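Worksheet for the structure shown next.
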Amino acid sequence: MPRSLHSNSTESKQEDDHGSGSPDLVLARSEGRVGFRGLFENKFILGISLFSTLGGFLFGYDQGVVSNVLAIESFGAEFPSIYMNPALKGWFVSTLLLSACFGSIVNGPVCDKIGRKRDIMCNVVIFLLGSALQTGATSPIYLFAGRAVAGLAIGALTHVVPMYIAEISSAKIRGSLVSLQQLAITFGVSETANWIAYGTSHIGGTRCAPEIPYTGALLNGRPTFDPYKDVPPGGCTGQSQASWRIPVGFQLLPALCLGVGMLFMPYSPRWLVEQGREEEALQTLSRLRRKPAENSSVRFEYLEIMAEVRFTREVTKAAYPNAGPFGQSINNYRALVSSRPKFKRLIVGCLTMVYQQNMAIIYYAPTIFGQLGLDPNTTSLFATGIFGIVNMVATLPAIILLDSVGRRPLLMSGAAGCFICLAIVGSLVTAYGKDWSAHAVAARTAIVFVFLYDVNFAYSWAPIGWVLPSEIFPLHLRSTGISITTSTTWISNFFVGLFAPGMLARAGGVTYYIYAGTALIALLSAKFFFPETKGRTLEEMDAAFGDNATVRERERMEGICRELGLPVNTLSTA
């Protein structure tokens, strides 16, 4: 422990035998502005967070570009089996998702071992390999292999990036900073993937062979493209393969930037303390807060981290005295289900991710707009681009309000709005979906409510789905817990990606009713089961979940707090 802090702690203990802590440490909690206003007090940490969310950008870009590429005729000419078969199309999307689920769950112990910073860099290398395979694919085997490899990296990145941001941020702006992850995802989908795919889809024209009339199945009374019959023997004479290879290959650039840039980013101070690198942790925290190490707020935060790490070490050693590195990893999983409060954290984190994915229809926007009467080759892609912009802009209220209004109010209002909008769209599709051309007003109304759904989802469950799981677990279980909640995201996304295309094609309005039902259940869960976490430090989450220690453990924590000069029960009663 650094000498200066040890000296100050000893003096504090001598001044107050009851362990109430020095006044400057107690007052340190009130420093700094809350939420959006606080973001610009420390532009250094804002810049680090924005840069780190390139990991989220890669996820969003992939999701956005895939949904658009699947609608491009030159892609269909190259891979007709994927283009024509809804089940295979679902597997094409879902291969990455299933791989990401595995990548996130495996990344838990790896991230604890090598640290958040190195973990991001290693997974960038894996992502570059997967993206290169997809860009140059000449057969479905290479295409699927590339998506599987890239999926491993994306799963790991969506696990580690929110955790990294949460661990370097302060309690008063943590929600706003972590929600930047969702802003990066939507930016990847809307401003980049959708518009790049829309622009490149015009390379050589929007049709594979303009001179050949369509012979495929009817959609809204018009024949569609059939790659088995509507492609000349030598391949497309109009639309170029560059129309889909360029948008797929573009993701190599931001990934390379992320990998190189992380060389210059700081380590997580919490991970450094856990590794016993306490002096480095203090200096890193001082650098992140842009204040000297002797500053009271820096001291308070550092000592809170020290107290939690020391307490965890002592309790874990007492419970598992002979556990090795592998045994400790297994014990972390056991610890998450060993008590009701910790299990509740796991359930809250997993439910948040399940609801987030099972309320999301943005990935199938081109298909949805095509079914609502828009031209699938041009107008629906343009509408998807607008849809993505609305999604990105509507994320901004979360960044502004999360740390002032709180998580639960936004979750409840967003779920209620999604339920109403999806129920209305489902009713319109059921009543008029067989002939939109004869019911133009109903079609336009349905499109309006799809956009209104987009707004409600974007400011609530979309960003908070990343915020809550990143902040609710104790330090020694954080990587393990978030790896499980993130894998829940991907397994949910996998099933949605596998079945949603077929459901949209066959079930019609019932699909929207299912999404609406999920929104209603999410509303009830947020109201009656989810705790409010705004304003609490990561070390104070025990109180939010009612995780009360035994008498012996409380005495142990009080002793650690007194030794460090912290107010007694700082972490358990905050």
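Computed quantities for the displayed model
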{"item": "So residue 285, is it aliphatic (A, V, I, L, M) and in contact with an Asp or Glu (Cβ under 9 Å, 6 or more places away or on another chain)", "result": "yes"}
{"item": "Residue within the stretch 79-89 that is surrounded by fewer than 21 Cβ atoms within 10 Å (Cβ to Cβ), at pLDDT 85 or above and not in a helix (DSSP H, G or I) present", "result": "yes"}
{"item": "The stretch 203-222, subset among the polar types (S, T, N, Q) and more than 13 Å from residue 75 (Cα to Cα), residue farthest from the chain's Cα centre (by Cα)", "result": "215"}
{"item": "Residue within the stretch 201-215 that is touching a Lys or Arg at 6+ places or on another chain (Cβ under 9 Å) and of a type in the set (A, V, I, L, M) present", "result": "yes"}
{"item": "Out of 414, 426, sole residue that is at pLDDT 95 or above and surrounded by 22 or more Cβ atoms within 10 Å (Cβ to Cβ)", "result": "414"}
{"item": "Single match in 289, 245, 277 (criterion: of a type in the set (D, E, K, R), surrounded by 15 or more Cβ atoms within 10 Å (Cβ to Cβ) and closer than 22 Å to residue 70 by Cβ)", "result": "245"}
{"item": "Verdict on residue 136 being out of contact with any Asp or Glu (no Cβ under 8 Å at 6 or more places or on another chain) and open to solvent by 10 Å² or more (accessible area, probe 1.4 Å)", "result": "yes"}
{"item": "Given (1) of a type in the set (S, T, N, Q); (2) farther than 13 Å from residue 58 by Cα; (3) under 17 Å from the mean Cα position of the chain (by Cα), index of the condition residue 200 fails", "result": "(3)"}
{"item": "Residues of the stretch 279-299 that turn out to be in a helix (DSSP H, G or I), over 20 Å from residue 47 (Cβ atoms) and either among the β-branched types (Val, Ile, Thr) or more than 30 Å from the chain's Cα centre (by Cα) (or both), as a count", "result": "3"}
{"item": "Set 529, 495, 449: member being open to solvent by 40 Å² or more (accessible area, probe 1.4 Å), closer than 30 Å to residue 307 by Cα and either without any contact (Cβ under 8 Å) to a residue 24 or more places away in the chain or aromatic (Phe, Trp, Tyr) (or both)", "result": "529"}
{"item": "The lone exception for residue 51 - which of (1) out of contact with any Phe, Trp or Tyr (no Cβ under 9 Å at 6 or more places or on another chain); (2) closer than 20 Å to residue 145 by Cα it fails", "result": "(2)"}
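The values are calculated or read from the model by the stated rules, or taken from the named source; none is laboratory data. Quantities reported herein were computed from a predicted structural model and do not represent experimental measurements. As a convention, Cβ positions derive from the backbone with ideal geometry for all residues, glycine included, and neighbour counts pool all protein chains shown. For accessibility, only protein heavy atoms count, side chains too; no ligands or nucleic acids. Shrake-Rupley method; radii C 1.70, N 1.55, O 1.52, S 1.80 Å.
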